[in-house]
Structure formats: C-alpha cells, structure tokens
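The values are calculated or read from the model by the stated rules, or taken from the named source; none is laboratory data. From a predicted model like this one, the values you see are computed outputs, not experimental measurements. Every residue, glycine among them, receives a Cβ derived from its backbone with ideal geometry; neighbour counts consider all protein chains shown.
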Amino acid sequence: MYWSEFLAVAAIHLLAVASPGPDFAVVVRESVTHGRRAGTWTALGVGSAIFLHVGYSLLGIGLIVSQSIMLFNVLKWLAAAYLLYIGFKALRAKPGSEGPNDLHRERQVRSPRDAYVAGFMTNGLNPKATLFFLSLFTVVINPHTPLLVQAGYGVYLAIATAVWFCLVARLFSNDRVRAGFARIGHWFDRAMGAVLIALGVKIAFTQMK
C-alpha cells in the first residue's frame, strides 16, 4: 500500500546522499588520512545522525525549528563552527614522510569514538539536513501515513546512508588510493580543510526558505 511512497522517499534520498557535501568531505578525509576503520566509523556516525533528524521530524520539532529564526540560526552557527574547527585543524597539517609505514601509522591515530563523533556531529548539526527531512516528512510523506510506517522509512534512510558512506570509506581507504593521495601528503589534508571551511561558510549563510 505504501510502496509508491517508499520508492519516492528512497529515490529522493539517493539523489540527496549522492551529492557531495559536508558528510562526503568528512568521510573521505577520515578514510584517506586514517584508513578504512576510521572512515567506516565516520560513515556509521553519519548514518546514526539520520535517526536524530527522523526523530524530531516525527515529533514535529523540525517544524518548530524551521519556523524559529533564532533556533535555526543557533543550529546553523553550531554546524558552521564545527566544520570551521575541523577545517582549520586540517589546514595546519604538516609535511611528513610518504612511505607505507606512514600510512599504517596514521591508521592507529584515530580512535573509533572520535571518528564516529566526527560523522555524527557533521550530519546532526547540518541545518540543510534539517530542512531536507522536514520537507521529506511534510511534503513527500502523507501526514496520514501511520507513524510506524514513517519510522520504518526512517530506519531505511539511516541504514541506506550508513551503507552508502561505508562504500565511500571503502573506496577512499583502499591502499592504492591512499598511496596516491599520500604522494601529495599534507597538501591533500590542507585541500580538504579548505573544502570543509568553504562548506562551513556556506552553511553559515544558509537562509530559511
């Protein structure tokens, strides 16, 4: 009965998750810099944050946020500040050796908890994600759809997001890919830092529509 609605939700989500943004940038950076385990934990953090968005969308809190300029601005400034923080941290990357031993050493630096938090915070604080899920649960999904069914959509969205970014992590943590990025060393980290800063600035100037 709800298959057509589910397919619409899945298609819209696929287009949204596949477009490069803060989540993609953070997962790529963690995967290249710290290896597959860190990238995977970051991906799981991003996927887990979807439950946060789904939760407040079902409770109607997302609507309150979207109607309150103050709450929306608090959210976007927190998101922008976090992205600027990790972006400037990346910009301070120092030159290092480029051998395979260095790649192995980097894998041990990042703890699963830190990688997970990086993914969760990046997605959870993103005001664009707030607006996306609010639109999804108010425009695409019929308000008369049972809450249990809507919650099922939410579970799918979280799992699909985590799986997608786990695949991204797997690709960019491949030894050959990482070795390629290692040739440009700290310049890659600095480039990713600049990308994260640009995304933070973009989020800071996000306006409610």
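If the requirement is being in a helix (DSSP H, G or I), at pLDDT 90 or above and farther than 30 Å from residue 197 by Cα, which of these qualifies: 119, 152? First the steps, then the outcome.
Details: 119 fails: farther than 30 Å from residue 197 by Cα.
Matching residue, one of 119, 152: 152.
Considering every residue within segment 91-107, establish whether at least one is surrounded by 14 or more Cβ atoms within 10 Å (Cβ to Cβ) and at pLDDT 80 or above. Taking every residue of segment 91-107 in turn, none turns out to be surrounded by 14 or more Cβ atoms within 10 Å (Cβ to Cβ) and at pLDDT 80 or above. Residues in segment 52-86 that are under 22 Å from residue 197 (Cβ atoms), under 16 Å from the mean Cα position of the chain (by Cα) and modelled with pLDDT of 80 or more: 78, 80, 81, 84, 85.
What residue, among those in segment 179-209 that are among the charged types (D, E, K, R) and part of a loop (DSSP other than H, G, I, E, B), is modelled with the highest pLDDT? Steps first, answer last, please.
Taking segment 179-209 as the starting set, the residues that turn out to be among the charged types (D, E, K, R) are 183, 189-190, 202, 209.
Okay, now just the ones that are also part of a loop (DSSP other than H, G, I, E, B), so 183, 209.
Values: 183: 68, 209: 55.
Restricting to residues being among the charged types (D, E, K, R) and part of a loop (DSSP other than H, G, I, E, B), the top hit is 183.
For segment 130-167, filtering for residues that are more than 16 Å from residue 18 (Cα to Cα) and out of contact with any Asp or Glu (no Cβ under 9 Å at 6 or more places or on another chain) leaves 18. The residue pairs whose first member lies in segment 162-180 and is at positive phi, whose second member is surrounded by 14 or more Cβ atoms within 10 Å (Cβ to Cβ), and whose beta carbons are closer than 7 Å, counting only pairs six or more residues apart or on different chains, do not exist in this structure.
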